[in-house]
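Report on the following structure.
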Number of protein chains: 4
Amino acid sequence: MGAITLDQANTIIAAAFAKGQELGLKPLSVAVLCPGGHLIAFQRADGASTLRPQIATGKASGALALGVNSRAIADMAADRPTFVASLGPISQGGIIPAAGGVIVRDSAGAIVGAVGITGDTSDNDETCALAGIGAAGLAA
Amino acid sequence: MGAITLDQANTIIAAAFAKGQELGLKPLSVAVLCPGGHLIAFQRADGASTLRPQIATGKASGALALGVNSRAIADMAADRPTFVASLGPISQGGIIPAAGGVIVRDSAGAIVGAVGITGDTSDNDETCALAGIGAAGLAA
Amino acid sequence: MGAITLDQANTIIAAAFAKGQELGLKPLSVAVLCPGGHLIAFQRADGASTLRPQIATGKASGALALGVNSRAIADMAADRPTFVASLGPISQGGIIPAAGGVIVRDSAGAIVGAVGITGDTSDNDETCALAGIGAAGLAA
Amino acid sequence: MGAITLDQANTIIAAAFAKGQELGLKPLSVAVLCPGGHLIAFQRADGASTLRPQIATGKASGALALGVNSRAIADMAADRPTFVASLGPISQGGIIPAAGGVIVRDSAGAIVGAVGITGDTSDNDETCALAGIGAAGLAA
């Protein structure tokens with residue numbers, strides 16, 4: 001298995017939105033990327049602001065870029081802010097140091113892509129990402 | 001009505017993919033943008049190559065940027081290639097001079113966004129964009 | 001009503017400059033943007049320095065990008081400096097974390113654009129933005 | 001005299017719009033820049049598309065960048081297209097090879113800025129730029 005399929009990506013997004021509605025969150029934006037960091041699917045809820053595509057994508061692409069979830073990049077940024085800031089200009093999709101960007105693996109543990117969510121608190125964004133990944137039968 | 005809603009965007013994408021399957025086209029990628037050129041929804045079919053998100057988005061954002069469909073930009077590029085090439089570096093999403101980027105209007109004629117498709121010939125890409133827009137009850 | 005009209009934008013700028021003169025402020029620069037973050041009108045007072053167009057525009061476009069006024073982005077930057085810094089490279093107009101960028105709404109509450117001002121203190125810049133928006137009969 | 005004043009810039013824009021209305025042209029966008037290529041004033045007429053700020057600015061800044069009006073850059077692009085295309089990525093505001101970007105001089109012949117207009121044909125854009133410059137008592 002090489003990458004999240006489009007069907008899986010759509011399942012992830014639908015389940016993430018459903019979790020957001022269940023929790024009463026603000027309008028979310030959800031990006032699903034292939035292992036190379038390129039967009040497979042994206043949806044921005046009505047009312048979400050204009051930079052949300054880049055933030056959702058940047059959480060996911062940053063996770064793939066560094067090989068750790070964006071929550072760990074946030075911790076890294078607390079310890080080494082200038083180092084993390086230096087990565088933004090040299091990465092195509094940016095490096096967003098906030099939870100909500102989660103690497104996705106298949107049952108064998110291979111990386112098949114990443115999910116990035118923005119719109120509510122970073123913790124809630126991540127909760128919805130995990131709900132979406134689980135609904136597609138994949139692992140975070 | 002200010003912008004294409006997420007529900008309308010998903011309808012556009014589903015109908016564009018259906019038209020592509022009906023015609024036996026190669027894997028398509030479809031982007032739907034708000035009037036300001038920001039992504040509302042995107043889907044890339046399994047097997048499509050990695051730059052497709054940017055090409056689909058660039059066809060649609062180029063149309064909004066210049067106020068004409070990307071088919072007209074292709075004609076412009078045939079007449080004035082260096083002029084059209086000069087616009088790429090100053091536009092966020094690029095200016096893609098090939099059919100398949102179509103401005104979307106509401107019943108009052110106001111611009112509510114744009115659709116961009118890539119994957120098959122430009123003519124076929126545009127045919128699918130028009131099918132998608134029609135399926136959502138909007139006008140090209 | 002979709003976006004601030006050019007007439008309204010010119011009214012906003014004239015009123016903002018008038019407020020600046022009334023308060024004896026330094027030379028101001030004022031940008032008015034449509035909801036998609038694209039410039040409608042801009043004026044830079046004689047004597048203002050060369051980056052003022054980008055700073056004024058960046059305050060306004062950052063507000064639209066994140067859906068909150070640039071004063072709230074300044075607060076966000078105090079709490080999460082690396083997160084806010086990470087947004088600059090992925091946003092076309094930059095994210096300026098300082099008061100003076102204000103989202104503008106019509107009487108129905110819909111976003112019709114944003115105003116960004118730079119030149120004096122951020123608090124004074126914002127005061128002039130609010131004066132300009134009010135003079136045009138719009139809401140901050 | 002170092003640069004076009006803001007009052008002169010506003011006069012240029014008003015006279016350029018008046019000429020456009022007199023000639024029945026499409027919605028224009030007009031940028032006025034200081035000798036260093038930085039924006040002094042800009043206005044985009046209602047109905048103009050979203051890339052017009054960059055095109056108007058790019059015509060004027062390209063003229064200042066190369067020291068000739070953008071009409072001459074269009075001629076240069078016909079002879080040496082790849083050379084002109086190579087300048088876009090290395091110039092902050094782009095190099096637009098189309099008439100409508102005009103260098104402005106004071107009575108002593110010193111460069112005090114440039115005007116860039118887009119919206120109608122390049123010839124008509126340039127006609128309006130010359131009308132604006134003349135109305136401000138300056139020389140093209």
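The values are calculated or read from the model by the stated rules, or taken from the named source; none is laboratory data. Model, not experiment: these values are computed from the prediction. FYI the Cβ positions are ideal-geometry reconstructions off the backbone, even for glycines, and counts take in every protein chain you see.
Looking at B:97, B:53 in this structure, which one is closer than 29 Å to residue C:89 by Cα, in contact (Cβ under 8 Å) with a residue 12 or more places away in the chain and touching a His at 6+ places or on another chain (Cβ under 8 Å)?
After ruling out the rest, the residue left standing is B:53.
Give just the number: which of (1) crowded, with 20+ Cβ neighbours inside 10 Å; (2) touching a residue at least 24 places away in the same chain (Cβ under 8 Å) does residue D:84 not satisfy?
Condition (2) is where residue D:84 drops out.
Anything in the range A:32-50 that is free of Cβ contacts under 8 Å to residues at least 40 places away in the same chain and within 16 Å of the chain's Cα centre (by Cα)? List them, or say none.
If the condition is that a residue be free of Cβ contacts under 8 Å to residues at least 40 places away in the same chain and within 16 Å of the chain's Cα centre (by Cα), then A:36, A:38, A:39, A:41, A:42, A:43, A:44 are the ones that fit.
Among the residues of the range D:68-104, what is the count of those that are part of a loop (DSSP other than H, G, I, E, B), out of contact with any strand residue (DSSP E or B) (no Cβ under 9 Å at 6 or more places or on another chain) and within 24 Å of residue D:130 (Cα to Cα)?
Selection size over the range D:68-104: 4.
Residues that are under 22 Å from residue C:15 (Cα atoms) and out of contact with any helix residue (DSSP H, G or I) (no Cβ under 7 Å at 6 or more places or on another chain): does the range C:79-89 have at least one?
No, every residue in the range C:79-89 fails to be under 22 Å from residue C:15 (Cα atoms) and out of contact with any helix residue (DSSP H, G or I) (no Cβ under 7 Å at 6 or more places or on another chain).
Would you mind telling me which numbered condition in (1) closer than 18 Å to residue C:65 by Cβ; (2) surrounded by fewer than 24 Cβ atoms within 10 Å (Cβ to Cβ) residue A:79 fails?
Looking at each condition in turn, residue A:79 falls short on (1).
Is the range A:95-106 home to any residue that is more than 10 Å from the chain's Cα centre (by Cα) and surrounded by fewer than 22 Cβ atoms within 10 Å (Cβ to Cβ)?
yes
Hey, can you tell me all the residues within the range B:14-28 that are buried (at least 21 other Cβ atoms within 10 Å of the Cβ) and facing another protein chain (nearest Cβ under 10 Å)?
Scanning the range B:14-28 gives a single hit, B:17.
In this structure, does residue B:113 turn out to be of a type in the set (Gly, Ala, Ser), under 13 Å from the mean Cα position of the chain (by Cα) and crowded, with 22+ Cβ neighbours inside 10 Å?
For residue B:113, the condition - of a type in the set (Gly, Ala, Ser), under 13 Å from the mean Cα position of the chain (by Cα) and crowded, with 22+ Cβ neighbours inside 10 Å - is met.
Checking the condition within 14 Å of chain C (Cβ to nearest Cβ) and buried (at least 23 other Cβ atoms within 10 Å of the Cβ), which residue from B:60, B:31, B:9, B:56 passes?
Within the list B:60, B:31, B:9, B:56, the selection yields B:60.
Quick check on my filter: what residues within the range D:35-53 are away from chain B (no Cβ under 14 Å) and surrounded by fewer than 21 Cβ atoms within 10 Å (Cβ to Cβ)?
D:35, D:36
Given (1) of a type outside the set (A, V, I, L, M, F, W, C); (2) part of a helix (DSSP H, G or I); (3) within 14 Å of chain A (Cβ to nearest Cβ); (4) farther than 27 Å from residue B:91 by Cα, identify the lone condition not met by residue C:109.
Just one mismatch for residue C:109, condition (2).
Which is assigned to a helix (DSSP H, G or I) and at pLDDT 95 or above, of C:48, C:31, C:65?
Matching residue, one of C:48, C:31, C:65: C:65.
Check the range B:4-11 and report whether any residue there is of a type in the set (Val, Ile, Thr), in a loop (DSSP other than H, G, I, E, B) and under 14 Å from the mean Cα position of the chain (by Cα).
yes
Within the range D:18-38, can one find any residue that is in contact with a Phe, Trp or Tyr (Cβ under 9 Å, 6 or more places away or on another chain) and among the β-branched types (Val, Ile, Thr)?
yes
Among D:129, D:77, D:98, which is under 16 Å from residue D:26 (Cβ atoms) and either touching a Phe, Trp or Tyr at 6+ places or on another chain (Cβ under 8 Å) or of a type in the set (Phe, Trp, Tyr) (or both)?
The unique qualifying residue is D:98.
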